[in-house]
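The values are calculated or read from the model by the stated rules, or taken from the named source; none is laboratory data. Predicted, not measured: the structure shown is a model, and the values here were computed from it. Positions of Cβ are backbone-derived with ideal geometry, glycine not excepted, and every protein chain shown enters the neighbour counts. Accessible surface areas use protein heavy atoms only, side chains included; no ligands, DNA or RNA. Shrake-Rupley method; radii C 1.70, N 1.55, O 1.52, S 1.80 Å.
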Amino acid sequence: MVEVLYFAKSAEITGVRSETISVPQEIRALQLWKEIETRHPGLADVRNQIIFAVRQEYVELGDQLLLLQPGDEIAVIPPISGG
């Protein structure tokens with residue numbers, strides 16, 4: 001079980017700020033994103049804009065293998081617009 005944290009626009013889309021989900025301990029970053037997107041299809045609209053972080057480290061949505069531990073935090077962070 002990992003904790004997914006949603007910020008700004010992603011929290012608006014999902015309607016929650018965090019949730020606990022069950023995923024394999026070994027999972028590719030893109031597979032993990034697809035698991036999250038399956039729960040919240042509206043996130044597909046911001047997929048190319050979000051920053052994805054695992055244990056407070058940025059992760060590309062690609063083929064790299066993530067080794068997750070129970071309780072790890074996954075953050076879904078939309079871009080911050082500056083002014």
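Taken together, D45, D63 contain a single residue that is among the acidic types (D, E), out of contact with any helix residue (DSSP H, G or I) (no Cβ under 7 Å at 6 or more places or on another chain) and farther than 16 Å from S18 by Cβ, which is D45.
Here A44 does not qualify as under 15 Å from A75 (Cβ atoms) and either open to solvent by less than 40 Å² (accessible area, probe 1.4 Å) or not aromatic (F, W, Y) (or both).
Among the residues of segment 54-70, those identified as closer than 15 Å to L30 by Cβ and in contact (Cβ under 8 Å) with a residue 12 or more places away in the chain are V54, V59, E60, L61, G62, D63, Q64, L65, L66, L68. Just to be sure before I move on: is I51 in contact with a helix residue (DSSP H, G or I) (Cβ under 7 Å, 6 or more places away or on another chain) and among the aliphatic types (A, V, I, L, M) in the structure I sent? No: the conditions fail for I51.
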